[in-house]
1. If all Cα-Cα distances of the stretch 121-169 are sorted into 10 Å bins from 0 onward, what percent lands in each bin, rounded to whole numbers?
2. Could you work out, for the stretch 11-76, what percent of all Cα-Cα pairs fall into each 5 Å distance bin, beginning at 0 Å and stopping at the bin that holds the largest distance?
3. Any chance you could check the Cα centroid distance between the stretch 98-172 and the stretch 16-80 for me, in angstrom?
4. Mind checking the full-extension length gain between His24 and Glu59? Use 0.36 nm per residue of separation minus the Cα-Cα distance, one decimal, nm.
5. Springs between alpha-carbon atoms under 10 Å, Gaussian network over the chain: tell me which of Leu199, Leu51, Leu84 tops the mean-square fluctuations.
6. Within the chain, what is the longest stretch that has no trypsin sites (Lys or Arg not before Pro) placed in a DSSP loop and near at most 11 other beta-carbon atoms within 10 Å?
7. Where in the stretch 107-142 does the amide nitrogen come within less than 18 Å of the point 7 Å from the Cα of Ala192, taken along Cα to Cβ?
8. In Å, what Kirkwood hydrodynamic radius results for the stretch 20-141 from the alpha-carbon pair distances?
Amino acid sequence: MAHPPLRPQKTAMLVAQQIVADIHRRGNRVGDRLPPERVMLDEYSVGRGTLRESLRFLELQGVISLRPGPGGGPIVQQPDASSLTTTLTLLMQFEKAPFRTITEARTALEPMMARLASERMSDEKLKELKESVDMMRDNLEDQEVFLEQNRRFHDLIAHGSGNVMFGYLVDSLLGILDGSAIGIDYPQFRRAAVHKAHLNIYEAIASRDPEASAEAMAQHIHEYVRYAEKKFPEVLDAPIVWSS
């Protein structure tokens, strides 16, 4: 289906938006190949340079991958939170926002996520949450495993809330959520305290108790902030910086 010629202003962006709309209209799935370049040039009534700019933008956003050679071309992908990570981190860096920005957001939002998760999380995801709690318990001496399960636990609750925005928001911040990447340390006594908090949160969610779930999460985040303020105040006030 040919589309009417697009106005010159921001043509590449408009073409990118139309390509996404057509992906959904056609019901394309991950791994499907989009029409070849010559077809898309006619379909969107634009020049080769504009079309390629549109495709490069969509590749950066994770909507497609561009495979070279015969049988290649644009292939549909599932976008993830990586582009949101870059955008949010850059925005905060240019605002000179301190790491405290993250802890304040967690204080406000994560109790709500836990509340919703207690009402909406599937039994399958609840089992995964318990697995995370148990894996943390069994590996308290291994900081790498601890940090991995800490992030997994909070990510599962965010997605278990049934709110896509919460899920992607936590996904986008996983790299800096706990502060370990910028200097907050977790000695074994602190890891044990975090495990106990996670167990309390899990039990409240498993009991399908919204109030207890929100309260347990609020207490957990409060303890984390209090620990950071006491031991690592300079980290809380350090500006967020975009990095790999």
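1. Here the calculated profile for the stretch 121-169 is 29, 47, 22, 2.
2. That works out to 4, 18, 32, 30, 14, 2, in percent per bin.
3. Value for the Cα centre distance between the two parts: 34 Å.
4. 10.9 nm
5. It is Leu51.
6. Result, exposed sites excluded: 97-244.
7. Counting only backbone N, you get 134-142.
8. About 18.7 Å, per the Kirkwood formula over Cα pairs.
Bear in mind that the values in this text are calculations on the coordinates, not laboratory data. Nothing here was measured: the structure is a model prediction, and the numbers come from that model. Neighbour counts are summed over all protein chains in view; Cβ atoms, including those assigned to glycine, are modelled from backbone coordinates with ideal geometry.
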